[in-house]
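First comes the structure, then the notes that go with it.
The values are calculated or read from the model by the stated rules, or taken from the named source; none is laboratory data. Please read all numbers here as calculations on a predicted model, not as lab measurements. So basically every Cβ, Gly included, is an ideal-geometry build from the backbone, and we count neighbours across all protein chains shown. Keep in mind that these areas ignore ligands, DNA and RNA; they rest on the heavy atoms of the full protein, side chains included. Shrake-Rupley method; radii C 1.70, N 1.55, O 1.52, S 1.80 Å.
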Amino acid sequence: MLIITAPGQGAQTPGFLAPWLELPGVAERLGAASELAGCDLIRFGTTASADEIKDTAVAQPLLVAAAIVAASVLSGGDQGDVPADVAAGHSVGELAAGVIAGVLAADDAMRLVGVRGRAMAAAAATEPTGMTAVLGGDQDVVLAALDRSGLTAANVNGAGQIVAAGTLAELEAFAADPPAGARLRPLQVAGAFHTRHMAPAVAALQDAAADVTATDPAMTLLSNADGAAVTTGKEWLDRIVAQVAAPVRWDLCMKTMADLGVTALIELPPAGTLAGLARRALPGVAQLAIKTPEQLDAARDLISEHLAEPDADGHGHLPEWRLIVAPASGTFRSGGYGGADSPPMTGGSRGVVPPDQQLGAVVARGAERAVAAPWPAEIIEWLVEDGDPVSEGQPLVRVQQLREGA
């Protein structure tokens, strides 16, 4: 089983697009993408400096355009025809993954990423915020330390990598008293992405997405929100908008990859980050990071070796479970819903719940955020207890999504 992945912000390096421009049609595609995104992607991908492509408004469209163009070259024409079983993108890479899975037209993806990049850059400019990579240490200890500091685990990447985000003052206090066994590395980014500080960007992207048509995915498509496979275009688009201010759970995406039985992973350019995470978290899975066109033949060989037999509707490999995650950091309070056969809040408690039935809430600073599933679901397993401290994006309960009327 083969997955195609697209990297997120921070993967770009100066000049990484230069060898791709030697291929027929690539310059024309990038020129058209530049018009849609509102920036000169050819210049930024070839001659611009590291500081120039660090700009959020530049980096995001540059990354999405690179992944889409490489996918089209890999498929021999249309980026939506890439032979794969699964697609996933890290942060802004989700837009490229959506194109590969047939949910979104490439032109719409470039329009949306232009809005996304500019809106996130503008949101970052309103308050001094930033991000710090936390490497190593016990994950539960690190998450608890972030919560005490008022920070958000904006990226939980697995393999001992968590990215903390918040105000510069919060980050400085955290650095003065780091978690045991962890190393801190401040990131050269403009702001606290995937946190509440990006709320204005969510509104801007929601407006831009209002007229976009999203079709149901033609292959299994994973979501950064909780690692779940998304089965409808509408849900995918809603998640893409909300994800701007919500944590990226790439660790849960890799958990789903393992559950699906993925045997090979290809990362589109500018590649390396996701393949490296998979090397540590998914032992035995073949990885290929496509950095230059010279690796396209190796990618095609990997596809021919690992592509699964097609099923009738493109979703025969979907996992039966989904995760509901914490909408904010705080204290989890049970709604007392555990089903008729077992008491609530115990491991393995089950019960069928209707859409939007409140299962509990996360309480913080006097405010309460409901925890609910937007569709009929059966509770498979609670992952927290009543009164547990939780971090934003932390899995709370494993459920099986049911069809309407089931």
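Rounded to the nearest 20 debye, the dipole size of the chain about its Cα centre is 760 debye, using +1 on the Cβ of Lys and Arg and -1 on the Cβ of Asp and Glu. Normalised by residue count, region 1-158 yields a Cα convex hull volume of 131 Å³ per residue. Taking the chain as a Gaussian network of alpha-carbon nodes connected by springs under 10 Å, the highest mean-square fluctuation of the residues Ala122, Ala65, Ala298 belongs to Ala298.
Which value, in Å³ per residue, describes the convex hull spanned by the Cα atoms of region 358-404? Provide the component values of the computation, followed by the final result.
On the way: hull volume 3.7 nm³, N = 47.
Hull volume normalised by residue count: 80 Å³.
Inter-label distance, Asp297 to Ala199: 5.5 nm, where each label sits 7 Å from its Cα along the C-beta direction.
Just to confirm a number: summing +1 for Lys and Arg and -1 for Asp and Glu over residues other than Ala204 whose beta-carbon lies under 9 angstrom from that of Ala204, what do you get?
+1
Could you give the Stokes-Einstein D for region 86-163 in µm² per second, using the C-alpha Kirkwood radius, 20 °C, 1.002 mPa s? It diffuses with D of about 144 µm²/s by this estimate.
Might you report the magnitude of the Cβ-based charge dipole of region 186-273 about its Cα centre, with Lys and Arg at +1 and Asp and Glu at -1, to the nearest 20 debye?
My answer is approximately 220 debye.
Semi-axis lengths, largest first, of the ellipsoid equivalent to region 177-243 are 30, 18, 8 Å, with √(5λ) applied to each eigenvalue of the Cα gyration tensor.
Based on Cα contacts under 8 Å between residues 6+ apart, region 1-91 shows a relative contact order of 44 percent. Measuring with a 1.4 angstrom probe and ignoring ligands and nucleic acids, Arg279 comes out at about 140 Å² accessible.
Give the shape of region 238-302 as rounded, prolate or oblate, defined through the alpha-carbon gyration tensor: a ≥ b ≥ c are the square roots of its eigenvalues, a/c under 1.5 means rounded, and otherwise the shape is prolate if a/b is larger than b/c and oblate if not. Before the final figure, lay out the partial values.
Numbers: a/c = 2.31, a/b = 1.45, b/c = 1.60.
It is oblate, given that a/c is not under 1.5 and a/b is not larger than b/c.
When the chain is treated as a GNM with alpha-carbon contacts under 10 Å, the residue of Leu359, Leu104, Leu265 showing the greatest mean-square fluctuation is Leu359. Overall form of region 110-259: oblate. Here a/c, set by the Cα gyration tensor axes a ≥ b ≥ c, is 1.5 or more, and a/b is not larger than b/c. At an R0 of 41 angstrom, the distance between the Cβ atoms of Asp40 and Ser304 translates into a FRET efficiency of 0.65.
Which value at 222 nm does the chain reach when only helices count, each DSSP H run of 4 or more adding -39,500 (n - 2.57), with the total divided by all residues and rounded to the nearest 500 deg cm²/dmol?
Numbers: 13 runs with 141 residues, N = 406.
Result for the chain, helices only: -10500 deg cm²/dmol.
Distance from the C-alpha centroid of region 196-212 to that of region 1-79: 23 Å, rounded to the whole angstrom.
Could you estimate the translational diffusion coefficient of region 141-227 from the Stokes-Einstein equation, with Rh from the Kirkwood formula over C-alpha pairs, at 25 °C and 0.890 mPa s, in whole µm²/s? This corresponds to a translational diffusion coefficient of 160 µm²/s.
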